[in-house]
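Below is one structure, written out as structure tokens; the observations come after it.
Rule-based calculations on the coordinates, nothing more; no lab input. Every value quoted in this text rests on a predicted model; they were computed, and no experiment measured them. Here the Cβ positions follow ideal geometry from the backbone for every residue, glycine too, while neighbour counts run over all protein chains shown.
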Amino acid sequence: MDEEKKLNGRKNMVFSIISIVILCILLFPLYWALITSLKTEQEIFQNPPTFYPHILNLKSYAAQVETGDFNMFRSFGNSFVISIGATVIAVLLAVPASYGIAKYHFKGRKLMLLSFLVTQMLPVSVLLTPMFIMFKNMHVYNTWIAAVLADATIGIPFSVLILKNYFASIPKDLEEAAYLDGCNKFTAFLRILIPIAKPGVMVCAIFSFLYAWGDLAYGMTFILDQERRPITAGIFNFMGQYGTKWSYLTAFAVVTIIPVALIFIFMQKYIVSGMTSGAVKG
Amino acid sequence: MFCAAALFSIMPAVKYAAGGWYKVAHGACYTLKGEAFMKKIKKMFRYENVGMLFVLPAFVYMLVFVGYPIIRNIILSFQDVNAGNLVRGTKNFILFDNYLELFQDDVFRTSLFNTLRYTVMCLVFQFVIGFILALFFSKRFTLAKPVRGILLVPWMIPVTVTALMFKLLFATDIGVINYILRSLHLTGKNIEWLTTPGTAMFALVCANIWIGIPFNMILISTGLTTIPKELYESASIDGANRIQTFFSITLPLLKPTIESVLILGFIYTFKVYDLVYVMTSGGPVNSTHMLSTYSYKLSFEMFKYSKGSAVANVLLVILMIVGIFYIKATTAGEEE
């Protein structure tokens, strides 16, 4: 905690080794799921268990493409459409909203800010039944639209609260310079402020996507047909029907993680900023 | 406030409308002043309205898809709604009957107690482990940043997948945890983790801690970087040892961070749903039901929608009480 200087050779080595050990312990569940998906059913039940697949088995992945009911790649597609839909709604609504909250002091601003804060803390249980009735009345029950509309409600408040800080940190001079150059409020917002806040917009898009991708409750409750359900609900269904078919189940899990892994590899800096600025004072 | 502003904006207009008489009485100069004032007011109004326009779409969306459902849920909990009269049909108001029934319901009491117990256990462990890791990774060794980055992965993974992974780890026959315990001769026969009441809760807590560690670690890490280095330097000059420094500098200066980590952690853990639903579905024999899963079971498996809503409202009330602390902490720095 107090070391300003970099650690020297030997200490550096020791700390690095400890950190690798911590990493291995904490990521073990992921590794275990991955290798289980690559084992044969026979090997999975072997005792003592094998810590890497002795016979590489890709059937669990291939079989999913062929079978109809529990096609995980179709579930993957469903999740993708739902998550992208929710992300688009969340970003389109949250970007202007956060700008308005950051830059204008209109009447009711505090109340609106507070309502976004509160919605972040809501449990899904409170919303499930009323949304269920609402979507039935809107005739969108059992469609992607229901899940998209519901998932966006997680992304919007998060995005507003994160982006508000980005917009607030942009100096007023910049906006005023834009007015001098002939911009009005809306064109200044579109051409000057949004490009500057782009990293913030990325954070919002990524988190809205991740929230929607990880959702189970909405997808499962508002969509009845397996062919339209997101991948998380697919896993849950599959577990109910083939409880111990671990090679298939873990293959399902690995496929679900793919987009998360890609986001992590290519956009790690946004993740850190989203996780920290979401909770620290605004 | 609003009325006063409106009145002010009208006043110059009235004076202006009075026209000729006004000019004669006070001279052209004053009118000009009035006009300028009116313009200013108008401008102020337009400026404020623009801000409102930007926020309105998101606000209305949340009002329709979150605000209305909350109110609907409260109304539902005072009615008697089941599968028959959910979408149409008459809904009888039975007022507090649902709530009164709940407090005599053993499963509800278990769920309430479980949720509290689960939240406290998770919070303690994920906070302590997260804190230790944050301190460890604040040392500047070569792998510090990359490894800390990778450790965020558990937090990002869909909870359904995490639940599945821990189900696999805690599986009776093929579970690695049983294998390790057997190899260390800590247990003779395989433990049925997820089908025994006490151990099922333990498995759930483990899975949740795994998700929570990265969150605690990264927030505390960020908090640590805000502590000025000079404080540590002067402390070491004064001859303070590490433990003294930790308790007299690190902890007090981290207080705001620790507060928000714990409150947010409480909120996220207390409303747990996916993890429990996938891992145990509240079983065995209702022993791991949380408020959220019990509410789901009542509404969507037993079709007692009103009773389910009542359980959800209890959950909501508890969260809101804790939420007040969070809002206080978050908006404390907001005042301009």
ask   = Around residue B:306, what is the net charge, scoring Lys/Arg as +1 and Asp/Glu as -1 over all other residues with Cβ under 12 Å from its Cβ?
value = +1
Neighbouring partner chain Cβ atoms per residue of B:146-152, average, 10 Å criterion = 5
message = Give me P(r) over chain B, computed from all C-alpha to C-alpha distances, binned every 10 Å, as integer percentages.
response = 5, 16, 20, 19, 15, 11, 7, 4, 1, 1, 0
task = Jot down the radius of gyration and Dmax of the range A:9-57, Cα atoms only, both in angstrom.
result = 15.1, 47
ask   = Considering only Cα-Cα distances, which of the following residue pairs are longer than 31 Å: A:136/B:297; A:6/B:167; B:139/B:167; A:107/B:297?
value = A:6/B:167; B:139/B:167; A:107/B:297
key: Efficiency of FRET from Cβ geometry, residue A:142 and residue B:85, R₀ 22 Å, rounded to 0.05   = 0.60
remark   = Kirkwood-based Rg/Rh on the Cα set of the range A:1-121 evaluates to 1.21
task = Kindly identify the range B:101-213 as rounded, prolate or oblate by the Cα gyration tensor criterion: order the square roots of the eigenvalues as a ≥ b ≥ c, call it rounded if a/c is under 1.5, otherwise compare a/b with b/c, prolate if a/b is larger, else oblate.
result = oblate
key: Paramagnetic reach from residue B:242 (point 7 Å along Cα→Cβ, amide N under 20 Å) across the range B:136-174   = B:136-145, B:148
note = Rounded to two decimals, the Debye log10 I(q)/I(0) of the range A:40-191 (Cα scatterers, no solvent) at q = 0.21 Å⁻¹ is -1.28
ask   = Going toward the positive end of the dipole of chain B, with +1 on Lys and Arg Cβ and -1 on Asp and Glu Cβ, which of B:253, B:77, B:302 do you reach last?
value = B:253
Using a Förster distance of 51 Å, the FRET efficiency for residue B:285-residue A:196 (Cβ separation, nearest 0.05) = 0.35
inquiry  = For a protection proxy built on the mean count of beta-carbon atoms within 10 angstrom, sort B:157-165, B:140-148, A:85-93, A:126-134 highest first, please.
reply    = B:157-165, A:126-134, A:85-93, B:140-148
ask   = Give me the log10 of I(q) over I(0) for chain A at q = 0.07, 0.11, 0.12, 0.14 Å⁻¹, as the Debye formula computes it from C-alpha points; what are the numbers?
value = -0.37, -0.82, -0.93, -1.10
note = Check: C-alpha center the range B:267-287 vs C-alpha center the range A:68-120, spacing in Å is 26 Å
query = Of all the C-alpha pairs in the range B:178-300, what % are more than 17 Å from each other?
reply = 69 percent
Inter-chain shielding of A:8-19 (mean C-beta neighbours from other protein chains, 10 Å cut-off) = 4
Per-residue Cβ neighbour rank within 10 angstrom, fewest leading, A:81, B:314 = A:81, B:314
remark   = The local net charge around residue B:111, scoring Lys/Arg +1 and Asp/Glu -1 for residues other than residue B:111 whose Cβ lies under 12 Å from its Cβ, equals +1
query = If one computes P(r) from the Cα atoms of the protein assembly as shown, what percent of pairs lie at distances over 30 Å?
reply = 60 percent
ask   = Tell me, A:151, A:181 in order of fewest to most beta-carbon neighbours within 10 Å?
value = A:181, A:151
request  = Post the alpha-carbon centroid distance, the range B:189-232 to the range B:115-152, in whole angstrom.
outcome  = 7 Å
query = Is it possible to state the helix-based mean residue ellipticity at 222 nm for chain B, with each DSSP H run of 4+ residues giving -39500 (n - 2.57), the sum divided by total residues, to the nearest 500 deg cm²/dmol? What is it?
reply = -23000 deg cm²/dmol
Within 10 Å of each Cβ in B:66-74, the average number of Cβ atoms from other chains = 6
